[in-house]
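The values are calculated or read from the model by the stated rules, or taken from the named source; none is laboratory data. Since this is a predicted model, take the numbers as computed values, not measurements. Because the Cβ atoms are built from the backbone with ideal geometry, glycine has one as well, and the counts that use them run over all protein chains shown. Just so you know, the surface numbers come from the protein's heavy atoms only, side chains and all, with ligands and any DNA or RNA stripped out. Shrake-Rupley method; radii C 1.70, N 1.55, O 1.52, S 1.80 Å.
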Amino acid sequence: MTEPVVQIRGLQFAHGERMIFDGIDLDIAPGRVTAIMGPSGTGKTTLLKLIGGQLRPLSGSIRVYGEEVTQLSRKGLYQLRKCMGMLFQSGALLTDINVFENVAYPMREHTRLPKALIRDLVLMKLQAVGLRGASTLMPSELSGGMARRVALARAIALDPSMVMYDEPFTGQDPISMGILVKLIRELNDALGMTSIVVSHDVRETAAIADYIYLLSQGKVIEHGKPEALRDSSLEWSRQFLEGRPDGPAAFHYPAPDFRDDLLRGGQSK
Amino acid sequence: MLDVLQNLGRVTLGFFQRLGRGHLFLLQIFATIPGVLLRPRLVLTQLYAVGVLTLLIILVSGLFVGMVMGLQGYNTLVDFGAEDSLGVMVALSLVRELGPVVAALLFAGRAGSALTAEIGLMKATEQLSGMEMMAVDPIQRVVAPRFLAAFISLPLLAVIFSAIGVYGGYFVGVDLLGVDDGAFWAQMQDKVDLRGDVYNGVIKSVVFGFVAGWIALFEGYDAVPTAAGVSRATTRTVVHTSLAVLGLDFVLTALMFGE
């Protein structure tokens, strides 16, 4: 088997008192689209930040391209990030420069390419996401879907070998969603990248993922190919993938008895 | 009782943690400054945003402060027949105290709050995180140029404040109230010492520029990334900078002019 791009072993991470990850093992294979799915608040975004070295875990190992992220110096981390792209949920575009400059930004910061070449490269990236015509717009003039596509063009500006997508489909209309689904798959295959998609949009994600990890309550519940997970023997996995409101994952947030709560009247808790 | 102690402990601990983070932040800024100096354009852009755009409020305030001092000074001095000393009084007050202090307070309100809001919003909209993931250090790219701009522009603004203030005093004292033109300037020239007064005033404003930039940028960088968090951080910038400037002014004055 080929060496995984990202290898996580025994990862533990806590936000204050709350344990987010409690011993996670995970492998991301090269050249494939791997989806990390789970309910909101499972720490999927946190996982991407841990892989990118923006957060440090309590314990465990995170190896990216063979480098132990948890022990890299600031300089080493920045070096490693040059081969990673990340698409933020909000897009995270720089709001005081236009679309063209946003996509050109990483190139200007990290390369000494001549102006004309940068222009051509930016136009190629924008063409890939279908927004070459929007290159002079400011981020505030873009719709949510367009902003995310610009952010995608920026994420692939330096031709990274791995791209992380943080909830790429959330809050998108069906057309934008369709475009993004297609883009993620096509970019992955055309550029030979490794993609990590964090999402809870089951249908869209399952459609493009080669492999899926299901996370809940700090653990990997199950992992496998999409078709295998659909026929999973675990009730929880089926509930999540089919989107049923109640099941092993309870509808109610833990609370005291409903009747007692109502009868207590105006007394404070 | 236990609750009170617990709260006291938490607040104290929180205070020292923030103080520690603030100093680490400053060290990070220092570490990136050599890199920033290689790209002077970044600093120049910020000099415009932080310094040039603050110029108007500095000019107007300086003029009025000088005019008020001319008027008040004249009314007091004329009783003793000492109105010829008006120039000295106006110039010394401005150069030693009012120039650096009032310019720093105005700077905190105009530029400091803007810096905090800008950095805080960049944090809230994940722009700083985005930069980090693009392997661009936000401290070097965003914070350090703004720090240098604040550090450079406040002393210049303070000097401009004092200069225009002296003109305001001259306008009211000489042009309107009839103080002798020659005496106004001659006494000022005689009594205002370049090293003892002007240099010390400039040193004060250099210190204030350093502190104002540091506080504003740290508050923005450390802000809770929500609307309420950024708003609190902006308020804190103005309050903390003002208090720090006034407190430091006393310390510096005691060191410079105390016997």
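A compact table of results
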quantity: Condition met for B:Val142 (part of a helix (DSSP H, G or I), β-branched (Val, Ile, Thr) and either under 30 Å from B:Gly87 (Cβ atoms) or over 26 Å from the mean Cα position of the chain (by Cα) (or both)); calculated: no
quantity: The lone exception for A:Arg56 - which of (1) open to solvent by less than 50 Å² (accessible area, probe 1.4 Å); (2) modelled with pLDDT under 90 it fails; calculated: (1)
quantity: Sole exception among (1) within 27 Å of B:Leu27 (Cβ to Cβ); (2) more than 14 Å from chain A (Cβ to nearest Cβ); (3) open to solvent by less than 10 Å² (accessible area, probe 1.4 Å) for B:Phe161, by number; calculated: (1)
quantity: Residue count for segment B:1-33, restricted to those that are under 23 Å from the mean Cα position of the chain (by Cα) and open to solvent by 100 Å² or more (accessible area, probe 1.4 Å); calculated: 3
quantity: Segment A:71-119: number of residues that are at the interface with another protein chain (Cβ under 8 Å from one of its Cβ atoms) and of a type in the set (Asp, Glu); calculated: 1
quantity: Some residue of segment A:208-222 being β-branched (Val, Ile, Thr) and either open to solvent by less than 10 Å² (accessible area, probe 1.4 Å) or assigned to a helix (DSSP H, G or I) (or both); calculated: yes
quantity: A:Thr46 polar (S, T, N, Q), touching a strand residue (DSSP E or B) at 6+ places or on another chain (Cβ under 8 Å), in a strand (DSSP E or B) and closer than 22 Å to A:Arg81 by Cβ; calculated: no
quantity: Top-ranked residue of segment A:248-268 - restricted to ones that are over 27 Å from A:Ser40 (Cα atoms) and at pLDDT below 75, ranked as most open to solvent (accessible area, probe 1.4 Å); calculated: A:Gln267
quantity: Filter result (open to solvent by less than 10 Å² (accessible area, probe 1.4 Å), of a type outside the set (Gly, Ala, Ser) and touching a residue at least 60 places away in the same chain (Cβ under 8 Å)) within segment B:83-127; calculated: B:Leu86, B:Val90, B:Leu94, B:Pro100, B:Phe107, B:Leu115, B:Thr116, B:Ile119
quantity: Meets criteria (at pLDDT below 90, outside any helix (DSSP H, G or I), touching a strand residue (DSSP E or B) at 6+ places or on another chain (Cβ under 9 Å) and surrounded by 17 or more Cβ atoms within 10 Å (Cβ to Cβ)) for A:Leu152; calculated: no
quantity: Selection status of A:Lys44, within 12 Å of the chain's Cα centre (by Cα) and either open to solvent by 40 Å² or more (accessible area, probe 1.4 Å) or within 8 Å of another protein chain (Cβ to nearest Cβ) (or both); calculated: no
quantity: Number of positions in segment B:134-158 that are facing chain A (nearest Cβ under 8 Å) and crowded, with 24+ Cβ neighbours inside 10 Å; calculated: 1
